[in-house]
Amino acid sequence: MVRVAGGRRLIRVLPVILALWLIPVAWLTADNAADPAREKSAEGEASKPWTKTTIAPASREFWSFRPLSSVAEPTVRAPQRVQTTIDKFILQKLEAQGLTLQDRANRSHLIRRAYFDLVGLPPPPEAVEAFLNDTSTNAWGNLLDRLLASPQYGERWARHWLDISRFAESHGFEHDYDRPTAYMFRDFVIQALNQDLPFNTFVKWQIAGDEFAPTENLALMATGFLAAGVHSTQITANEVEKHRYDEMDDMLSTIGSAMLGLSIGCARCHDHKYDPIPQRDYYRLLSTFTTTVRSEVELDLDPEGYRVARGAFEERHKPFVAALEKYENEQLAGRLAEWEKSGKGTVANVSWIVLEPQTAKSAGGATLTPLPDGSLRATGTNPKFDTYTFVVPTTLTGITGIRIEALADPSLVQGGPGRAGNGNFDLTDFRVSIAPQPAAGATAEATAVRIKLKNPRATFEQPGLPIAATIDDNPNSGWAVDPQFGKDHAAAYELEAPVGSPEGSVLTFTLVFQGNDQHNFGRTRLSVTTAPQPAATELAGSGVPQPVLEALARPAEQRSPAQHKSLLKWYATRDPEWQKLAQAAAEHLAQAPKPQLSKALISSEGLAAVRLHTQGGDFLPETHFLRRGDPNLKDAVA
């Protein structure tokens, strides 16, 4: 997507600008009258880099800028040679020159022409023989229909548009790095031709497909048109600004040459000398690409196939779900009662009390899903850096220690517990604050006080990245666990003073990950302890959720429905028969089909840019008018 200054969308502005170009409103006079853009100030500089230009009436009549209009069909002297309306116009010109059409080509010549023109290959002998022997009146039309329906038609004719759109599968310049995902734009062009995509859609999708059809794979692939130009892979801090203007110029110039047949680039430095493009229009249109960057996104290229496969799998999965639900509805409550009667229904010497966040948010857009054991699993977007914020209301008092766990999970690379490509994480900062339980309609943020943490310890520390680094307020240090992947890890902190109130408190936990790209927690769990000596508390152990402790402290008949539900949910994870059924369902669910995702190089805004060796931002905050096209000679914002 591209956006113009002031927040206006390209899809509203671009057609207007293009229309102004196609129906000329201003241009130089035929006698090359003085151009106000070249008037000098006292200092010898141009007073303005853009001005109104004078109108040459003759320029309005130039054929390529005249609007389309209906014309009468000409009459010809040999109407028997006419098969289509366009034949009349051709014959009229030929007859005016005393010429006539050639005799009709024989069938062997026709089929060769059709094959070479439409698919770029010679016809196979059997196709020639079949066409020569086809005596039907529609033989020629049927042949053309077959060739137009051939996949080779799109492959043949896509080459012309790919040349015009400067398509390449490498970045260019001296290093010429590969673009392994650029082929998606090539595939779009081929499919657009084979599917007979309307030309207006073909054009709009290439300029702003993510705006016109953001859920359409082909539309996103089409925006690779803007990303197809050369792109330096080595950009120093001094070159960032110039390179960015060059990059936007490449986008705009290609739109002009491919879609308008105009050499727009000349207007970067001055009013165009030959085409009606003032410099002011060039920069106003250029500004639509201010925040447009090359990005890579994953696309499901066969959504219908995935939908069918997923539906079939869900039918096969229903018996597993039904068996688990049947046991939960008919037997689990009885097993819980037996467990309590046996005297096991107490929890003595609890080391850690698991907290259940009221809200869990990822600043980077990841989805944090609570699991039955009190942990939260991160799925979906895995941003470069992230911050997790957990808000936990509690009535606990005398809290002396806090534990965070990074738990292994089969859904993560190498079992996690992090979301990095090797299963690691990098927790750079851990903060906890507490506030009194706010009144209805109020928030706890205004009265929150940061809790002082001390004596951190962990099950394992990667050399150079200790747990102590999470409370040093240094964003360049943190805690990681390389090479101990696929294992549960935990860290605990003592509080300088116990916290908590029987009237209720709100704890806010902030976990910051900004040390390495995508080194975020994949699955985590929060716990607290009220032990007088938290340093002596074991780090391991699943802990017991606070609602379960409260439920077990009451007789069964005095428990609220919510307490009974929490206790039943917790007990289920310890019941052997439930565990057996749940494991069978989980193992089958792990076999669920997944969409076949493929990465595509697109152009958009708001997404992470493809970066190589760039010492600067991916785009400039504003696009300026430039004197003589030089970024060092900026004028007003376009």
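The values are calculated or read from the model by the stated rules, or taken from the named source; none is laboratory data. Since the structure is predicted, the reported quantities are computational estimates derived from the model, not experimental observations. Counting neighbours? That spans all protein chains shown, and the Cβs are built from the backbone with ideal geometry, glycine included.
Just one of the listed residues (Gly617, Gly522) is out of contact with any helix residue (DSSP H, G or I) (no Cβ under 8 Å at 6 or more places or on another chain) and touching a residue at least 40 places away in the same chain (Cβ under 8 Å), and it is Gly522. Any chance segment 543-554 includes a residue that's closer than 30 Å to Ala458 by Cβ, out of contact with any Leu (no Cβ under 7 Å at 6 or more places or on another chain) and surrounded by fewer than 14 Cβ atoms within 10 Å (Cβ to Cβ)? No: segment 543-554 contains no residue that is closer than 30 Å to Ala458 by Cβ, out of contact with any Leu (no Cβ under 7 Å at 6 or more places or on another chain) and surrounded by fewer than 14 Cβ atoms within 10 Å (Cβ to Cβ). Has segment 187-206 got at least one residue that is assigned to a helix (DSSP H, G or I), of a type in the set (Asp, Glu), closer than 26 Å to Leu597 by Cα and at pLDDT 95 or above? Looking for residues that are assigned to a helix (DSSP H, G or I), of a type in the set (Asp, Glu), closer than 26 Å to Leu597 by Cα and at pLDDT 95 or above, one finds at least one in segment 187-206, hence yes. Residues of segment 128-147 that are surrounded by fewer than 16 Cβ atoms within 10 Å (Cβ to Cβ) and not in a loop (DSSP other than H, G, I, E, B): Glu129, Ala130, Leu132, Trp140, Gly141, Asn142, Leu144, Asp145, Arg146.
Residue pairs whose Cβ atoms lie under 6 Å apart, separated by 6 or more positions or on different chains, with the first residue in segment 541-560 and within 24 Å of Ser375 (Cα to Cα) and the second β-branched (Val, Ile, Thr) and in a loop (DSSP other than H, G, I, E, B), are Val544/Val347; Val544/Val350; Leu552/Val347.
Of the candidates Ala444, Ala448, Ala439, the single residue that is free of Cβ contacts under 8 Å to residues at least 24 places away in the same chain, within 15 Å of Gly504 (Cα to Cα) and assigned by TED's automatic domain parsing to the domain that holds Val481 is Ala439.
Among the residues of segment 278-325, those identified as of a type in the set (Val, Ile, Thr) and in a helix (DSSP H, G or I) are Val308, Val321.
Residues in segment 212-227 that are in contact (Cβ under 8 Å) with a residue 40 or more places away in the chain and surrounded by 20 or more Cβ atoms within 10 Å (Cβ to Cβ) were compared, and the one that is farthest from Leu285 (Cα to Cα) is Asn217.
If the condition is being assigned to a loop (DSSP other than H, G, I, E, B), surrounded by fewer than 20 Cβ atoms within 10 Å (Cβ to Cβ) and under 27 Å from the mean Cα position of the chain (by Cα), then segment 149-166 contributes only Arg166. If only residues of segment 470-492 that are in a loop (DSSP other than H, G, I, E, B) and under 18 Å from Arg450 (Cβ atoms) are counted, the one that is nearest to the chain's Cα centre (by Cα) is Pro475.
Against the test of being of a type outside the set (Lys, Arg), in contact with a Pro (Cβ under 9 Å, 6 or more places away or on another chain) and in a helix (DSSP H, G or I), the options Gln563, Gln518 yield a single qualifying residue, Gln563. Which condition from (1) farther than 19 Å from Glu356 by Cα; (2) of a type in the set (Gly, Ala, Ser); (3) assigned to a loop (DSSP other than H, G, I, E, B) is the one that Gly541 breaks? That leaves (1) as the condition not met.
Here is a yes/no grid of residues against (1) surrounded by 14 or more Cβ atoms within 10 Å (Cβ to Cβ); (2) under 30 Å from Phe65 (Cβ atoms):
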site	(1), (2)
Gly265	yes, yes
Pro276	yes, yes
Asp300	yes, no
Tyr306	yes, no
Ala322	no, no
Gln331	no, no
Arg335	yes, no
Glu356	yes, no
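Residues that are free of Cβ contacts under 8 Å to residues at least 24 places away in the same chain and either assigned to a loop (DSSP other than H, G, I, E, B) or in contact with a Cys (Cβ under 6 Å, 6 or more places away or on another chain) (or both) occur in segment 379-395; there is at least one.
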